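Engineer: Once you've had a glance at the structure underneath, I'll fire off some questions.
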Amino acid sequence: MVGLTERKIHLVYEGGNLELMWSVSITIFLRGSQVLGIIPKALAKVDIIEKIVREELQVFTMSKGMNAIFDHADTFIALPGGLGTLEEIFHIFFWAQLNIHKKPIGLLTVNGFYDNLLSFLDQTVEHNLLTSST
């Protein structure tokens with residue numbers, strides 16, 4: 001995270017405070033980088049976001065949130081997370097496969113967290129369901 005803040009790289013994320021990304025957002029913010037949390041209004045209403053540590057963009061739906069993340073980001077790095085993270089990963093991979101973008105995509109696999117997912121993706125390439133360039 002120090003490398004991000006030293007390079008003045010700004011963080012755009014899904015805006016919730018229930019996963020690892022929220023902890024990263026606090027650290028990035030406290031080290032001087034801008035943080036933009038994008039969150040659906042329904043989640044913002046139940047107060048699962050931390051408004052103090054970053055700028056917030058509320059959207060109407062999860063899909064509009066994904067579009068906003070895409071529009072504001074130059075690259076994508078997925079940290080370990082739940083179903084929402086998986087949805088975002090596959091959304092971004094699919095858009096890359098359709099040549100909607102050529103932005104870099106990375107998975108931070110802590111303690112082998114994404115190993116099975118990477119094996120699955122390798123298997124889809126072996127079965128010609130996904131190109132290896134995606």
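Taken together, the values in this text are just the output of simple stated rules run on the coordinates, not laboratory data. Owing to the predicted nature of the structure, the values given are computational and were not obtained by experimental measurement. Virtual Cβ from ideal backbone geometry, glycine too; neighbours counted across all protein chains shown.
Engineer: Can you give me the distance in nm between label points at residue 97 and residue 72, each placed 7 Å from the Cα along the Cα-to-Cβ direction?
Structural biologist: 2.8 nm
Engineer: Can you work out the PRE-style zone for residue 90? Point 7 Å along Cα to Cβ, and I want the residues of the range 58-78 with backbone N under 15 Å.
Structural biologist: 63
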